[in-house]
Amino acid sequence: MRDEYRFAELPLADIRPGTSVLVSGPTHDGARSLSMQMLAGEYDEGAIIVTTNQRASRVAEDCQRFGIDVRDDRTAILDCVGDDDDPDVPARVLPVSGPSDLTGIGMRFSDVYREFKTTDIDRVRTGLCSVSTLLSFGDLRTVSRFTHTLVGRIDKVDGLGVFVVDPAGHDEQAINTLAQFCSGRIEVRDRDGRAELRTRGLADQPREWTPFDAFP
């Protein structure tokens, strides 16, 4: 088996290739921070970030802040916002017509992964920030089917998937429906000003609330 994915600055054990997790929690309470830190890979890994609610330039800034090595030959941002024409974004930016264009997101993902392979990057961490925005533009059934498809593609290429959802905007049934397509779930909360996480369905991971540094 290929080397597992590591998370140097987080209280998480290594995760086997092909795993996708649902990160559930308010973005301002650390869920986005956790997801970005999970996407910070090693020198031989690439990153694909699907942004549905922030401009590509802002996402690139966050990537750098959380330790992602942003270069156009190893970092791609699939931009569903479409109002950012900043030529100085160091990542490769691929426009998607909008958060409702799930087919376009899937096609862009496949295109980028094939291009990464030509540069000998075949370990890729993929983040979808966020599934909540997709749900605001489409119904649960459609978004769930897309999530299932993308999880399958990540599994097939031995990647790592991080899907972010804010439970405040959805009922528990919707969250559980999305979670069933992932290998496990990481819940995030704020406790007295400190971000904490716990996991479900992931082996050898913290099951009790555990603090982590959310804002480097």
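The values are calculated or read from the model by the stated rules, or taken from the named source; none is laboratory data. Quick caveat, the model's predicted, so the values are computed rather than measured. All Cβ positions, even for glycine, are placed from backbone atoms using ideal geometry, and neighbour counts span all protein chains on display. Protein only, heavy atoms only, side chains kept; ligands, DNA and RNA dropped before computing areas. Shrake-Rupley method; radii C 1.70, N 1.55, O 1.52, S 1.80 Å.
Against the empirical curve 2.2 N^0.38 Å, the C-alpha radius of gyration of segment 7-59 lands at a ratio of 1.22.
Find the accessible area per residue for the chain; the probe is 1.4 Å, ligands and nucleic acids are left out, and the unit is Å². Numbers along the way, then the final one.
Working: 10070 Å² over 216 residues.
The answer is 47 Å² per residue.
Positive end of the dipole of segment 111-216 (Cβ unit charges, origin at the Cα centre): among Val188, Val124, His170, the Cα lying farthest that way belongs to Val124.
First check a/c for segment 131-190, with a ≥ b ≥ c the square roots of the eigenvalues of its C-alpha gyration tensor; if it is under 1.5, answer rounded, and if not, answer prolate when a/b is larger than b/c or oblate otherwise. Display every interim value, and only then the final one.
Values: a/c = 2.03, a/b = 1.30, b/c = 1.56.
Note, shape of segment 131-190 comes out oblate.
Please list Ser144, Ser136, Ser110 in order of solvent-accessible area, largest first, computed with a 1.4 Å probe with all protein chains present. Write down the numbers at each step before the final one.
Values: Ser144 10, Ser136 85, Ser110 30 Å².
Putting Ser144, Ser136, Ser110 in descending order of accessible area: Ser136, Ser110, Ser144.
Gain on full extension, evaluated as 0.36 nm per residue between Arg191 and Ser136 minus their Cα-Cα distance, stands at 17.0 nm.
By how many nm would the segment from Glu42 to Asp88 lengthen if fully extended, with 0.36 nm per residue of separation less the alpha-carbon distance? Before the final figure, lay out each step's value.
Values: separation 46, 0.36 × 46 = 16.56 nm, distance 2.36 nm.
So the chain would gain 14.2 nm between Glu42 and Asp88.
Using a Förster distance of 30 Å, how high is the FRET efficiency between Lys117 and Phe215, based on the Cβ-Cβ distance and rounded to 0.05?
On the way: r = 34 Å, r/R0 = 1.15.
So the FRET efficiency works out to roughly 0.30.
Treating each Cα of segment 75-169 as one equal point scatterer and applying the Debye formula with no solvent, the log10 of I(q)/I(0) at q = 0.12, 0.19 Å⁻¹ comes out as -0.39, -0.97. What's log10 of I(q)/I(0) for segment 59-98 at q = 0.20, 0.25, 0.32, 0.34 Å⁻¹, Debye sum over Cα points only, no solvent? For the requested q values the scattering log ratios are -0.57, -0.84, -1.16, -1.22. Under 5 Å from the amide H of Val23 lie the amide H atoms of Phe163, Val164, Val165, Ile186, each residue being 5 or more positions distant or on a separate chain, with H modelled from the backbone and absent for Pro and chain starts. The dipole here belongs to segment 89-216: it is taken about the Cα centre, uses +1 on the Cβ of Lys and Arg and -1 on the Cβ of Asp and Glu, and is about 280 debye.
For the chain, adding -39500 (n - 2.57) for each run of n ≥ 4 DSSP H residues and dividing by the number of residues yields -9500 deg cm²/dmol at 222 nm.
Round to a whole number: what % of the accessible area of segment 101-216 belongs to carbon and sulfur, probe 1.4 Å?
Details: 2700 of 5780 Å².
Roughly 47 percent, rounded to a whole number.
Please identify the GluC sites (Glu not before Pro) of segment 113-216 that satisfy two criteria: DSSP loop assignment and at most 11 other Cβ atoms within 10 Å. Which are they? The partial results should precede the final answer.
Working: sites: Glu115, Glu172, Glu187, Glu196, Glu208; in loops: Glu208.
Answer by residue number: Glu208.
Around the Cα centre of the chain, unit charges on the Cβ atoms of Lys, Arg, Asp and Glu (plus for the first two, minus for the last two) sum to a dipole of about 620 debye.
Charging the Cβ of each Asp and Glu at -1 and of each Lys and Arg at +1, and nothing else, the dipole of segment 1-82 about its Cα centre rounds to 260 debye.
Compute the whole-percent fraction of alpha carbon pairs in the chain spaced more than 20 Å apart. Can you show the working numbers first?
On the way: 12453 of 23220 pairs.
Cα-Cα pairs of the chain separated by over 20 Å account for 54 percent.
Which order do Asp69, Asp29, Asp88 take by accessible area at a 1.4 Å probe, largest first?
Details: Asp69 80, Asp29 35, Asp88 125 Å².
My answer, sorted largest first, is Asp88, Asp69, Asp29.
With contacts taken as Cα pairs under 8 Å at a separation of at least 6 residues, the chain carries a relative contact order of 29 percent.
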